Structures are given as structure tokens and as C-alpha cells.
Amino acid sequence: FIKYDNLKDVNKLVFVSNRLPFTIVKRKGSFHLQPSAGGLATGLSSFYKAYQAIWVGWSGVAKEKIKGSEREKFEKRLKAENCYPVFLSQSDIENFYHGFCNKTIWPLFHYFPLYTVHSKRLWEAYKRVNEIFCDEVAKVAQEDDIIWIHDYHLMLLPQFLRDRFPEATIAFFLHIPFPSFEIFRLLPWRREILRGLLGADLIGFHTYDYVRHFLESASSLIGCEHSFGHITAENRVIRVDAFPMGIDYQRFARAAKNPKVKQEIQRIRHIVKTRNMVLSVDRLDYTKGIPQRLEAFDLFLEKNPKYKEKITLVLVAVPSRTNVEQYKLLKAELDELVGKINGKHGTIGWIPVWYLYRCLSFTSLVALYNIADVALITPLRDGMNLIAKEFIASKMDDRGVLILSEMAGAAKELGEAIIINPNNKERIVNALKEALEMKEEEQIERNKIMRRRLQRYNVVRWANDFMDRLSYVKKIQQELLVR
Ligand code: G6P
């Protein structure tokens, strides 16, 4: 299970990401630990313990709000999970997390330049918080550890750590798209970001397109020469490569047999009585194309009246970044749109869209994956999208159809799904009809192929490949030094 070929057994693995797998949240006046949402936390949390890794990340709460013995209590609980929380001030959370991360990098890297805020104040906070993370990592890591930094919040950290530990093994993986050069160049601090990333020995992305975009930016903006995915910068060879992230396949495949899940399936079937169920699950985020999806469902019902009272769209939107204006606006838009569609098509006894604005338990989520005839996953832009993979992995009988946006990284691996352009409403309508009317043998044939692929290239294999490539680049660096 654990193998890092060529890396010494004594190397400890240190994960660093903005989110820990658990977030401290305040509910009904007191603090609780809650599993974090989103691809990174759900994807990595299933195996970091098996790697005996420790994890450094933000606690989720402002340091002004949790103090003294209460903070110590949570530090202790998190430490028992091998997690080391970073406490940020309220103003750093505002300017770094809600600010530069989610008002600058997130929209720009997802091709929303009009939503992107360029502010020096937010940039300064980004630098400062990356320095804070550097200090925190330095407290728990040693020079011969392997430091694996994750995602767009910490793109300056590789170089900050390199300055402090010149010989360290540092890797970086970006969980969101790396945009094309024409988009990336819009960022005033584009060179600083590139130089920050180049502090790593290995830089990983989900797809080859993102690798290509990164290499083009590095050569156009800072003149880095590259050949076959190797960059030479400051006398170091750096590897840039694609590693499409997998899921914990067995966890989803096994869940269908779990008595609790079976019970939940019965319960939901008893409530949602229509013949067909279409499922949509995302964090509530403008990159996910949720309004476009709802409009397509509206048009589908208009064009296919025979499906009225026979179909339900279960729309799960997990609350996310609720302090950021664009997310508030989107929430209001969705509330209105769902109301409009239900008012327009609904009848006594039939609600076309079941709208759940909350985080679901694993049991309910897997039960929904199992029942759904169709998963409608239509992001406008998505680094990978693990929901698409989880849906297929959960389908033990291989029935069900995945409709997937070509703008999601996952579309590169799940070519047997019905692939659509999320901006083409008519195409989504046709895809829905095609999915609902697809012969069972064809569903099974398509899903079997995808399931086998997901089973083979699961999250452990993904991490092992990443580690192998990291040890390979360290070896090349050593050989070059000897010469
Ligand atoms: C995406 C990002 C993750 C992030 C997650 C949830 O999947 O790639 O880094 O953790 O969204 O967003 P949040 O802002 O709640 O951490």
C-alpha cells in the first residue's frame, strides 16, 4: 500500500493545504469539528493516514474567536488525527481566503476574468499567509521530509520553503485548472506566482492541457526553457506532469452493500416516487453551471411533457464561501430559479426539483448515487470533478447514465459518458432524453469500462505515481550534481 520507490523509509510525508480534512465550525453557539467539503479534502482524507502523513492546514476559524483552553482542546483532537491547524486572524481570512484566493485566483483560473478582483491589499495578504504557512510547516517538518503542498491557496509556499530548506523534497499539486496563457497573463502578480511554484521539485496538474498551459506561461513570462516536461530553473531540474486524481474506489463500490445505505435507499425511494431520478451534486459555486443546468431541465420538461410527474431532479448544493458576494448572488438566483420551475411545472403531489442546500452524509450521498438514473454534471469549468467518478464507482449494477461537461478535467478519462458543452442548453436537453431512453445493455457496457478504469487508477495509485515521479526527479537532480 505504501511505497515510495527510491525515497528513504525514514522520509516523513507532510501534506500542506489550506483546508484540513476537518474544519472547526460554530454551530448553536459552540465549536465542532466537521469533515471538510470539496474535492481536495474528500479525495485525500481517505488515505493520508495510511501514508502516515501529517497534515498542516487552516483550522477554519479566526484566531480571535477561539482562544485558550478551547483552542488547545481542538488542537489536541486534531493532533490525534495527525492534523496541525494554522490559526489565521479575521483580517487574514478576509483578505487571503475570501480575498486573493476566492476573489482573484479562483475566478481567473476558472475563466471568469470579469469576476476577478485585482487588489494589492489582497495580494499582500496572500504573501503574508503563505509566509505564515511556511513558519508552521517549519515547526513540524525536517529537511529530509517530503513536503507535498496542495492547491491554489499556497502557490508561493514552494519557493518560501526552498529558501529555508534548500535541499528539501518539495512537491506541489494544483487541484483546479491551470488556465491558458492568455488568461493567466491578466494577473498582475503572474511572475511571482510562477516563481513561487518553481520552488518545487515536482509540479502536478490533473490534465496535460493544464501542464501545457503552465509550461507556456513559464516560458513566455519568465523565459524558462523546457523539454519533455522538464524545466531547468536556478540550476535545478523541475518536473511538470499530469496526474489525474482518482477516488477511493472501494469505499464507494462497497458502500452499496452497506445495510445503512440499503435502508437509506428504501427510505428515499419511498419518498421520491417518480419513475426517474436525475441527480445533481456540487458545492454551490458559479463555476458549476447550476443555473444553466436548471434552465436545461426546464426546457426538457417543456419539450417532453410525457415526463411530467414521472421525473425528479434532486439538486444538492453544498454551502460554500458564503461570505463572497458572487456566491451570495448565485444562491439568490438559484432559490428563485428553483421556485420558478417548480411553480411552472409542479402539480399537487409532484415537485419537479428537490432542492437541498446542505452538506449530505456519506450514507445519503451514496444512496442517491445508487438510485439516480442519470447524473447531470455540467460545470462551466472544473479542474477534475470527483462527483462524476463517485457516481460511476457507486453503481454496482452498472445501470445509470452520466452526463458530463467537456469542461471538467474528468471528461478526459470518462469518454464513455454523454459528453456535453454546458453552454449548449439544447444539447443538454437532448442528452437528458438520450440518457433516460438509453437501453440497459448500453448503460452497462459504458459503465463497466469506466468502472474498471476508476478501479485501476484510484487515489492510492495516483499518489503512488506522484511519489514515484518525485523520487525520479530527485534522482536526476543528484546525478546532475555528481556530474
Ligand atoms: C475546491 C478546491 C479545494 C477546496 C474546495 C472547497 O475543491 O480545489 O482546495 O478546499 O474547493 O472549498 P473551500 O473554500 O471550502 O475550501
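The values are calculated or read from the model by the stated rules, or taken from the named source; none is laboratory data. The shown structure was predicted, so the numbers you read here are calculated from the model rather than taken from an experiment. Using ideal geometry, Cβ is built from the backbone for each residue, glycine included, and neighbour counts are taken over all protein chains shown.
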Next on the checklist: Pull out all pairs, ordered by first then second residue, where Cβ-Cβ is under 7 Å, the residues are six or more apart or on different chains, the first lies in the stretch 122-140 and is over 17 Å from TRP106 (Cβ atoms), and the second is in a helix (DSSP H, G or I) and aromatic (Phe, Trp, Tyr).
Outcome noted: GLU131/PHE160; CYS134/PHE160
Checklist entry - From the residues in the stretch 271-288 that are assigned to a helix (DSSP H, G or I) and modelled with pLDDT of 95 or more, which one is surrounded by the fewest Cβ atoms within 10 Å (Cβ to Cβ)? => result TYR286
Next on the checklist: Can you find a residue that is within 12 Å of the ligand (Cβ to nearest atom), outside any strand (DSSP E or B) and closer than 23 Å to ILE387 by Cβ anywhere in the stretch 16-25?
Outcome noted: yes
Checklist entry - more than 18 Å from LYS288 (Cα to Cα), part of a helix (DSSP H, G or I) and not acidic (Asp, Glu), is that true of TYR84? => result no
Checklist entry - Right, GLU416: free of Cβ contacts under 8 Å to residues at least 40 places away in the same chain, over 22 Å from PRO177 (Cβ atoms) and of a type in the set (Asp, Glu) or not? => result yes
Next on the checklist: When the residues of the stretch 163-178 are narrowed to those that are in contact (Cβ under 8 Å) with a residue 12 or more places away in the chain and more than 14 Å from the ligand (Cβ to nearest atom), which ends up surrounded by the fewest Cβ atoms within 10 Å (Cβ to Cβ)?
Outcome noted: GLU167
Next on the checklist: Which condition from (1) out of contact with any strand residue (DSSP E or B) (no Cβ under 8 Å at 6 or more places or on another chain); (2) surrounded by fewer than 17 Cβ atoms within 10 Å (Cβ to Cβ) is the one that PHE252 breaks?
Outcome noted: (2)
Checklist entry - Can you name every residue in the stretch 39-74 that is within 15 Å of PRO21 (Cα to Cα) and surrounded by fewer than 16 Cβ atoms within 10 Å (Cβ to Cβ)? => result LYS49, ALA50, GLN52
Checklist entry - Could you say which residue among VAL240, VAL211, VAL261 is farther than 26 Å from THR104 by Cα and in contact with a Phe, Trp or Tyr (Cβ under 9 Å, 6 or more places away or on another chain)? => result VAL261
Checklist entry - If TYR126 satisfies every condition in (1) part of a helix (DSSP H, G or I); (2) over 26 Å from TRP189 (Cβ atoms); (3) under 21 Å from the mean Cα position of the chain (by Cα) but one, which is the exception? => result (2)
Checklist entry - Picking from ASP201, ASP209, which residue would you name as being at pLDDT 95 or above, within 26 Å of GLY43 (Cα to Cα), more than 16 Å from the ligand (Cβ to nearest atom) and surrounded by 23 or more Cβ atoms within 10 Å (Cβ to Cβ)? => result ASP201
Next on the checklist: Cβ-Cβ distance below 6 Å, separation of 6 or more or different chains: which pairs start in the stretch 102-119 with a residue that is part of a loop (DSSP other than H, G, I, E, B) and end on one that is within 15 Å of the ligand (Cβ to nearest atom) and not acidic (Asp, Glu)?
Outcome noted: HIS110/THR287; HIS110/ARG381; TYR111/ARG381; THR116/THR104; THR116/PRO107; THR116/LEU108; VAL117/LYS103; VAL117/THR104
Checklist outcome for this item: Flagged in the stretch 26-38 as surrounded by 15 or more Cβ atoms within 10 Å (Cβ to Cβ) and outside any loop (DSSP other than H, G, I, E, B), in numbering order, are PHE31, LEU33
Item to check | Pairs, first over 11 Å from GLY246 (Cα atoms) in the stretch 456-483, second hydroxyl-bearing (Ser, Thr, Tyr) and at pLDDT below 90, C-beta under 7 Å, six or more apart | outcome: MET467/TYR4; SER471/TYR4
